[in-house]
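Structure record follows, encoded as structure tokens.
The values are calculated or read from the model by the stated rules, or taken from the named source; none is laboratory data. Keep in mind it's a predicted model, so treat the numbers as computed, not measured. For neighbour counting, all protein chains shown are included, and Cβ atoms are generated from backbone atoms with ideal geometry for every residue, glycine included. Heavy atoms of the whole protein, side chains included, go into the accessibility calculation; ligands, DNA and RNA do not. Shrake-Rupley method; radii C 1.70, N 1.55, O 1.52, S 1.80 Å.
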Amino acid sequence: MDFNDLAELIFPDAKDISYYEEKYPVRELKEGAMVTRFAPSPTGFIHIGGLFGSIIDRKLAQQSEGVFILRIEDTDQKREIENGVSQIVNGLKDFGIIPDEGVISENEEKGNYGPYKQSERKEIYQAYAKSLIKQGLAYPCFCTPEELEEIRAKQEAAKIRPGYYGVWAKYRTLPLDEAIAKIKNGDKYIIRFKSQGREDRKIKHKDSIKGNIEFPENDQDIVIIKADGLPTYHFAHAVDDHLMRVTHVIRGDEWVSSIPLHLELFRALGFKPPKYAHTATIMKDENGSKRKISKRKDPEAAVSYYHEQGIPADAVVEYLLNIANSSFEPWRRGNPNKDISEFKLELNKMSVSGAVFDMVKLLDVSKNVISKYTAERIYEETLNWANKYDKEFAKLLENNKDYSIKVLNIERGKAKPRKDIAKWSDVKESIKYMYEEEFNKMNEYEFQKIDNKEEIKDILSSYIDNYFDISDDKDTWFNKIKDLSEEKGYAREVKEYKANPEGYKGHVGDVSTVIRVLLTTRHNTPDLYEIMQVLGKETVVNRIRKFIDN
Ligand code: GLU
């Protein structure tokens, strides 16, 4: 009896691996083309770190004329949720990330290197496991959970390294005939890799982001095929990334310690290993100390959060590129109006230590991004957002489409556009005073220096009766406010007032603030002249009269 008999007994139907090697040939791509993949579990949840990785994957493949694959790692069927795959596909799409190959909806995929869901690749993994068994590089392990627990307890008591390795690997040396007899007897088993590594030897490895790293060799006989016939992550990673001809595995830092094992698996399987790039974990600053962004504690860990808040995808992508690559910021400074697709990402400029996620900075980036949008685009995006998250506001926008675009166009499309909107959920608060039905609900005026009601009424009635004309251009309009100021005992210019504060009740700014607050309830708004133009004569007069008459 030999290893072949054992392999045939365990996987009688598995094909020879040459079949798959031919079926998935080396890709014919131009020199330097990168084949990358994002490989989430179908939990429906995309972590901000996953988005970060897939932006990098997508970009590197695009700029090198390579291929970006979306593969679904569903070998842990306990973690799956219904529609988990479409939520991932759509979640990525929200950020403009569309794979060239792989899973494209719950039940569809494209590309010649599939299936792209691991649960549908069972026979492929088994073929490779069979080949390892034939070479004596994998074996069945019959350990029960109790036996494994016993090993662990002994190791702990003796304070030695935990795991299934060396002398602890109970079934590693089980004679072939005994293994075969056990299988024939119906004993339960899984398949383990037979590591040839030694803990006291080191391996050197060059990570594309972290640079040179050194680790002890792997010596763990890890499980490669579980009791349900599906592979573990490690084994599937080696088989899939080899057969999909992935050139660059970009994944989170938490996997870097698996490098010795992965390199050993690739070698045992006769595969050329890919280049690895381990991205820094995205951290959060909490009272001065850094910790990982956590799915449990931080709403911003899930990319759906950005969507719900109405932070445009462009802004999130731009911000993540910012923390990904040190060369992004200077590029953006030099090219303020270029599309991010023109930025060339460089793996060797990736940040190595944990990047801190800064919401304030993200919102700042977002304000900038939005400031460059047209009013029409802001209208559409806000409406899309509101249709999902604020139906009432959506109705208001829909019923006043042209007017809303005019409102949103105030101080836009200029050299210095307004930057007061960071997310679609801010829009309502920022413009609601422009709509009668909303304005009528707002009765808290933020009057400033001039807060005496009689004085305010006096200023306003003179303004309406003697100075206000909607057809004035901006200079005439402002000159009239100066005239009004003078009439009421306020300086025409701030300078004059400052030079002689005793001589005046205040200055033109105080007077225009009265008009601003009255029309908007706020003292901080975009350009008052533009606001009045958009509100129109009737509304301006009505709002002021209503106040005076009260
Ligand atoms: N399914 C693994 C995860 O979600 C993929 C890791 C990898 O990119 O290799 O963490």
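One Cα centroid belongs to the stretch 1-35, the other to the stretch 269-330; the line between them spans 35 Å. Rounded to the nearest 10 degrees, the angle from helix 313-324 to the longest Cα principal axis of the chain is 60 degrees. At full extension, Asn542 and Lys416 could sit 42.2 nm farther apart than now, given 0.36 nm per residue minus the alpha carbon distance.
Think of the stretch 276-401 as a dipole: +1 on every Lys or Arg Cβ, -1 on every Asp or Glu Cβ, centred on the Cα centre; then among Asn287, Ser371, Tyr319, Asn287 lies furthest on the positive end.
The calculated FRET efficiency for the pair Asp473 and Lys498, based on their C-beta separation and a Förster distance of 30 Å, comes to about 0.60.
Within the chain, antiparallel bridges make up roughly 60 percent of the DSSP beta bridges whose residues both belong there. Protein heavy-atom accessible surface, 1.4 Å probe, per residue over the stretch 1-118: 47 Å². Taking the inverse of the mean reciprocal distance over all distinct Cα pairs, the Kirkwood hydrodynamic radius of the chain comes to 28.4 Å.
Once the chain from Ala181 to Lys395 is taken as fully extended at 0.36 nm per residue, the excess over their C-alpha distance is 69.7 nm.
Under 14 Å from the Cβ of Ile282, count the other residues' Cβ atoms, weight Lys and Arg +1, Asp and Glu -1, and hand me the total. Around Ile282, the charge tally is +1. Among the protein heavy atoms of the stretch 1-133, carbon and sulfur supply 46% of the accessible surface, probe 1.4 Å, non-protein parts ignored. Heavy-atom surface analysis with a 1.4 Å probe gives the stretch 193-284 a carbon and sulfur content of 51 percent of its accessible area.
Comparing Cα centroids, the stretch 85-125 and the stretch 450-498 end up 65 angstrom apart. Angle between the Cα long axis of helix 474-487 and the longest principal axis of the chain, 0 to 90 degrees, nearest 10? Rounded to the nearest ten degrees, it is 50.
Within the full protein context, the accessible area of Val356 is estimated at about 50 Å² for a probe radius of 1.4 Å.
Helix 48-63 axis versus longest C-alpha principal axis of the chain: approximately 80°, rounded to the nearest ten.
Both numbers refer to the Cα atoms of the stretch 61-134; Rg and Dmax are 14.3, 46 Å. From helices alone, the chain scores -13000 deg cm²/dmol at 222 nm; the rule is -39500 (n - 2.57) for each run of n ≥ 4 DSSP H residues, then divide by the residue total.
Cβ-Cβ distance of Ser351 and Asp465, R₀ of 60 Å, FRET efficiency by 1/(1 + (r/R0)^6): the value works out to about 0.40.
Rounded to the nearest 20, the Cβ-based charge dipole of the chain about its Cα centre (Lys and Arg +1, Asp and Glu -1) stands at 1240 debye.
The simple Förster model, with R0 at 51 Å and r as the Cβ-Cβ distance, assigns Gln448 and Lys226 a FRET efficiency of 0.15.
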